[in-house]
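See below for the structure under consideration.
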């Protein structure tokens, strides 16, 4: 079944702000890791994966507070995550 985006404005926004990947490409790139995928992974995620490539995201509705934060982007800010290690020595 082909993906149909009826709104030209929405399609233009998606082209600028999202990368829409087909399931096969998601799995080839191992975007969910290199382990054995859960048997229901494709069923739960669908045929395509939308990845943010800018600072714009999709929410349920304007003013939505369902999620405090969203992490689904390929921007530098999403990919560069600080890693802090604190070694605690026995006293």
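Values in this text are rule-based calculations from the coordinates and carry no lab data. All values derive from a computational prediction rather than experimental measurement. Using ideal geometry, Cβ is built from the backbone for each residue, glycine included, and neighbour counts are taken over all protein chains shown.
Relative protection proxy for 80-89, 37-46, 23-32, from highest mean packing down: 23-32, 37-46, 80-89 (other beta-carbon atoms within 10 angstrom). The calculated FRET efficiency for residue 50 paired with residue 87, based on their beta-carbon distance and R0 = 25 Å, is about 0.05.
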